[in-house]
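Asks: Dumping the structure here so I can ask a few things about it.
The values are calculated or read from the model by the stated rules, or taken from the named source; none is laboratory data. Everything numeric here is computed off the predicted structure, so don't read it as measured data. Methodologically, a virtual Cβ is constructed for each residue, glycine included, from the backbone with ideal geometry; neighbour enumeration extends over all protein chains shown. The protein model used for the area step is the full one, side chains on, heavy atoms only, and it has no ligands, DNA or RNA in it. Shrake-Rupley method; radii C 1.70, N 1.55, O 1.52, S 1.80 Å.
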Amino acid sequence: MLDWVLSKRNGLGELPETVNGAGLPSSVAPLGWTDALVLLTVQALEGSPQPTPPAPASAAAGR
């Protein structure tokens, strides 16, 4: 699956949000969240721990 996703990059190596039936980018690129999901997937496949965002300040203050 990851190989398929990476094969859909445009000429600059950017990942589009969607591809059409012909496998060509059919929306804007780059999208930060698309790239971030690929990076998180690669890290997970390599067994790296996944990052966890910190608790919001308001939640931390209530402890």
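Asks: Is there any pair with a first residue in the range 19-48 that is in a loop (DSSP other than H, G, I, E, B) and a second that is open to solvent by 80 Å² or more (accessible area, probe 1.4 Å) and not aromatic (F, W, Y) whose Cβ atoms are under 7 Å apart and which are 6 or more apart or on different chains, and what are they?
Replies: That search, which allows pairs on different chains as well, returns S27/E17; V28/E17; L31/E17.
Asks: Can you pull out the residues in the range 49-59 that are hydrophobic (A, V, I, L, M, F, W, C) and either assigned to a helix (DSSP H, G or I) or open to solvent by 60 Å² or more (accessible area, probe 1.4 Å) (or both)?
Replies: Applying the first criterion (hydrophobic (A, V, I, L, M, F, W, C)) to the range 49-59 yields 55, 57, 59.
Within the range 49-59, A57, A59 qualify.
Asks: Restricting the search to the range 1-48, which residues are loosely packed, with under 13 Cβ neighbours inside 10 Å and among the charged types (D, E, K, R)?
Replies: D3, E46
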